[in-house]
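Below is one structure, written out as structure tokens; comments come after it.
Since every read-out is calculated from the coordinates, none of them should be taken as a lab result. This is a predicted model, so every value here is computed, not measured. We place every Cβ from the backbone using ideal geometry, glycine too, and count neighbours over all the protein chains shown.
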Amino acid sequence: MKHIYTNTNTKCVGISLYIYTHLQYQESHFPVAFFSKSNKPKIKNTMNALAATNRNFKLASRLLGLDSKLEQSLLIPFREIKVECTIPKDDGTLASFVGFRVQHDNARGPMKGGIRYHPEVEPDEVNALAQLMTWKTAVAKIPYGGAKGGIGCDPSELSISELERLTRVFTQKIHDLIGIHTDVPAPDMGTGPQTMAWILDEYSKFHGHSPAIVTGKPIDLGGSLGRDAATGRGVLFATEALLNEHGKSIAGQRFAIQGFGNVGSWAAKLINEKGGKIVAVNDVTGAIKNKDGINISGLLEHTEENIGVKGFDGADAIDADSVLVEDCDILVPAALGGVIHRENANEIKAKFIIEGANHPTDPEADEILRKKGVVILPDIYANSGGVIVSYFEWVQNIQGFMWDEEKVNKELKSYMTRGFKDLKDMCKTHSCDLRMGAFSLGVNRVAQATTGRRPSASSAPAPWP
């Protein structure tokens, strides 16, 4: 039965790494020292994210004809965890933070989702992202439910030793509520392979060696080859599937990429290799454009040396926000949420939007863009490459048999291609757009699993492959 677990008597503390490793989000492309208070990315529209997620779920539920009792059961999280965390800092003082873990649904398998460390992490945001993971894993047809976690802390103000202590303490507080077949965390904003290594080590002290307890680990500790590029590569495969539907290919298309962290940089590299032309890019340091196409290999070298796109001499500097409205064929928002809204939606010139970030488009902007004829490939499909390869990593860890990178990439393409076909079939069945097709597909699969396990839960829609 779904319930809330709140631990108010224990002390624990959140931690975080803004280290220079290739993670899933834009800010992970920069080291700790870079994130001064003026540069630090903001998590925007957290209430809007929850409201938009609930709205899309309700619309999908109506399309599917779900019973109100089943609808309520699917919407309410399985468990919400809130822990206070305290550790000694290097100077001997104590620091306290609040950690969250929302476990949304386990009807289709263990719950899965990242842990993000950021000063603005709060319950509504975590709840929305956990719910999104439930629908995303169902759309991808991998045997998971959704979860999400986070610590409200400022990683730039913590030393590496403090980060390690705090990660271990947080793990101590939740280790009985996560597990290989219960809830499998992963990196998210402000966390990475090293954070996962600490969680693995601390969890294993209680439960024995358990490499499958987290994904996104270092390769030497059971991480999967291909995981680093997985979300960006998934964006590539999703874009190919969409363009093929419209009789087009990536070659010759002009792309603007908002965000040049892990997702954006890998997407740019792989799209460029397929003949796509990247005409505009931004990150937290600035924005650049070149109507003839940016030299992506040169830009990647520049960002390695200069910690950002600012100052790249192969393109012109522009206002950071203008990347979204640059003249292009395809826009790829690949950073934080809420960047496309009613104030800028009318100015967007792209014919296609591929959502590499979570919830980059507000509902009001969705409606404006739909009326303009812009085709939006939704986040719960377009950026699912990361969780799909996380699933592959989990499978490899359980089997004790690791795959080569070629197999990982081949399987990822297969999952993304099949996922797009299923999505389009749902759109045809219900005469809806891609976002509602994706939500309907995900919600339908979770509803079928729920009623299959508990037939008395309620009536459910007809089975979908």
Segment 210-262 - Rg and Dmax from Cα coordinates, angstrom: 15.6, 46
Listed pairs 112/424; 217/413; 274/428; 248/424; 141/421 exceeding 19 Å between Cα atoms: 112/424; 217/413; 274/428
Loop sites in segment 305-348: GluC sites (Glu not before Pro), DSSP, at most 13 other Cβ within 10 Å: 343
Cα gyration tensor category, rounded, prolate or oblate, for segment 349-460 with a/c compared to 1.5: oblate
Set of aspartates and glutamates with alpha-carbon distance to residue 69 below 16 Å, sequence-local pairs under 8 removed: 105
Candidates per trypsin sites (Lys or Arg not before Pro) in segment 309-400, loop by DSSP, up to 13 other Cβ within 10 Å: 342
Approximate spin-label separation residue 421-residue 404, in nm, with each point projected 7 Å along Cα-to-Cβ: 2.6 nm
Note, ³J(HN,Hα) from phi for segment 359-375, Karplus 6.51, -1.76, 1.60, rounded to Hz, x at Gly and Pro: 6, x, 10, 6, x, 5, 5, 3, 5, 4, 5, 4, 5, 7, x, 6, 8
Label selected from (1) 20.6; (2) 24.0; (3) 22.9, the criterion being mean projected area of the Cα convex hull in nm² as computed here: (1)
Relative contact order (%) - segment 167-210, alpha-carbon pairs under 8 angstrom, separation at least six: 48 percent
